[in-house]
Amino acid sequence: MGAFSEIDGIRTPLEVDPSLNEGIILVSENDHEHIDRIARVKGLEVIRLGGLAFKILCVLDPELVHTYGPRLTKEQKAMLRDLPILGLASPSAGLHDYAAATVAGKEAGAVVSAVDGNPNVKTGPGEHGILVANNTRNHGIMVDAMQK
């Protein structure tokens, strides 16, 4: 069916733009080494946001990020005005969040995988990491950043 938002009965399709290679990658509010590795890639900026479900929705509908406004810095707000959101990297996610992000992301045309690039959910104890990107280039950058 595709991904869409519906407000007051009006459906708006949600689609990623695979042609974009410069912009924002949403990441966890926690400190992780992969965040620094992603931030060192020319043309990619990172913004820290909480909540995987919220981040996936912001990748698919970038206007939603402004509802997070009170927690964003002036610099982040300026970046969000000037740059597109290209994807997200989350080293851990509850299985239900992973499933929701996978379905929504794939329906919107995003590249979605576990942090090792595997398109399938890994089963096992604990949580599951996820990457969502607008194209294979940005996805590959995030996979590399997670593996080092």
Residue selected from region 31-74 under the condition touching an Asp or Glu at 6+ places or on another chain (Cβ under 6 Å) and assigned to a helix (DSSP H, G or I), by the criterion surrounded by the fewest Cβ atoms within 10 Å (Cβ to Cβ):
Ala53
Taking only pairs six or more apart or across chains, which ones have beta-carbon atoms under 6 Å, a first residue in region 1-14 that is surrounded by 11 or more Cβ atoms within 10 Å (Cβ to Cβ), and a second residue that is among the basic types (Lys, Arg) and assigned to a strand (DSSP E or B)?
Phe4/Arg11
If you check Ala78, Ala101, which single one turns out to be at pLDDT 85 or above, out of contact with any His (no Cβ under 6 Å at 6 or more places or on another chain) and either on the phi < 0 side of the Ramachandran plot or in a loop (DSSP other than H, G, I, E, B) (or both)?
Ala78
Step by step: first the residues of region 19-30, then only those that are modelled with pLDDT of 90 or more and either under 15 Å from Met79 (Cβ atoms) or in contact with a Lys or Arg (Cβ under 9 Å, 6 or more places away or on another chain) (or both), then the one that is surrounded by the most Cβ atoms within 10 Å (Cβ to Cβ). Which residue is that?
Ile25
Of the numbered conditions (1) over 23 Å from Glu6 (Cα atoms); (2) out of contact with any strand residue (DSSP E or B) (no Cβ under 7 Å at 6 or more places or on another chain); (3) modelled with pLDDT of 90 or more, Pro91 satisfies every one except a single condition; which is it?
(3)
Which condition does Leu95 not pass, out of (1) surrounded by 12 or more Cβ atoms within 10 Å (Cβ to Cβ); (2) closer than 24 Å to Pro13 by Cβ, if it passes all the others?
(2)
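The values are calculated or read from the model by the stated rules, or taken from the named source; none is laboratory data. Source: prediction; values computed, not measured. Cβ sites come from the backbone with ideal geometry, for glycine too, and all protein chains shown count toward neighbours.
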